[in-house]
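A short write-up of the structure that comes next.
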Amino acid sequence: MTSHSDLTIRLRRAAFNRALADADLNAIGPLLAQNAVLVTGTDSAVISGRKAQLLAWKREFTAPARTIYTRTPETVTTSSVEPIALEHGRWQGVTAGTDQSVASGTYTAKWRNIDADWVIEAEIYLTLA
């Protein structure tokens, strides 16, 4: 059975995927906590803070051969003692306009419920292919 929080997080992840596909920075901002941290899958670069992540996505969106990333949640575990949850799943990057995969792997994301909205606090990616 899927809890309300689980479903909400999965819907927000789907919204994040749509924003990445549409290169929509305005839709990404509200999905990230102010101090969100992202650890990339290949070189473990740390992108710290919402502003830094939006800048990184802006650069990605204007790249000549843009990669579109999709995250597919497999599990969402919600804490019973704090307003937090952990999402785990698979990710894939494909070249825009094609089905050509350029990278893929697994990820984990920590979400926090702040002012009735679930936002991403931290994400860590592992590149497997």
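The values are calculated or read from the model by the stated rules, or taken from the named source; none is laboratory data. Because the structure is a prediction, the values reported are computed rather than measured. Every residue, glycine among them, receives a Cβ derived from its backbone with ideal geometry; neighbour counts consider all protein chains shown.
Computed values, structure above
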quantity: All positions within segment 1-22 that are of a type in the set (A, V, I, L, M, F, W, C) and either crowded, with 17+ Cβ neighbours inside 10 Å or assigned to a loop (DSSP other than H, G, I, E, B) (or both); calculated: 1, 9, 16, 19, 20
quantity: Residue identified as modelled with pLDDT of 95 or more and in contact with a Leu (Cβ under 6 Å, 6 or more places away or on another chain) among 105, 89; calculated: 105
quantity: Residue count for segment 23-51, restricted to those that are surrounded by fewer than 17 Cβ atoms within 10 Å (Cβ to Cβ) and of a type outside the set (Val, Ile, Thr); calculated: 15
quantity: Within segment 23-55, tally of residues that are in a helix (DSSP H, G or I), among the polar types (S, T, N, Q) and within 17 Å of residue 118 (Cβ to Cβ); calculated: 1
quantity: Hits in segment 114-125 - residues which are aliphatic (A, V, I, L, M), in contact with a strand residue (DSSP E or B) (Cβ under 8 Å, 6 or more places away or on another chain) and either surrounded by 15 or more Cβ atoms within 10 Å (Cβ to Cβ) or without any contact (Cβ under 8 Å) to a residue 40 or more places away in the chain (or both); calculated: 119, 120, 122, 124
quantity: Single condition residue 42 does not satisfy, out of (1) over 18 Å from residue 121 (Cα atoms); (2) in contact with a Leu (Cβ under 8 Å, 6 or more places away or on another chain); calculated: (2)
quantity: Residue match in segment 91-113 (condition: closer than 16 Å to residue 11 by Cα, outside any helix (DSSP H, G or I), in contact (Cβ under 8 Å) with a residue 60 or more places away in the chain and out of contact with any helix residue (DSSP H, G or I) (no Cβ under 9 Å at 6 or more places or on another chain)); calculated: yes
quantity: Criterion violated by residue 95 - all others in (1) out of contact with any Ser or Thr (no Cβ under 8 Å at 6 or more places or on another chain); (2) exposed (fewer than 14 other Cβ atoms within 10 Å of the Cβ) satisfied; calculated: (1)
quantity: Sole residue being over 18 Å from the mean Cα position of the chain (by Cα) and more than 20 Å from residue 119 (Cβ to Cβ), chosen from 63, 103; calculated: 63
quantity: Members of segment 52-90 that are surrounded by 11 or more Cβ atoms within 10 Å (Cβ to Cβ), within 15 Å of residue 19 (Cα to Cα) and of a type outside the set (S, T, N, Q); calculated: 54, 55, 56, 57, 58, 60, 61, 66, 68, 69, 71
quantity: Residues that are in a helix (DSSP H, G or I) and of a type outside the set (Gly, Ala, Ser), drawn from segment 56-79; calculated: 57, 58, 59, 60, 61
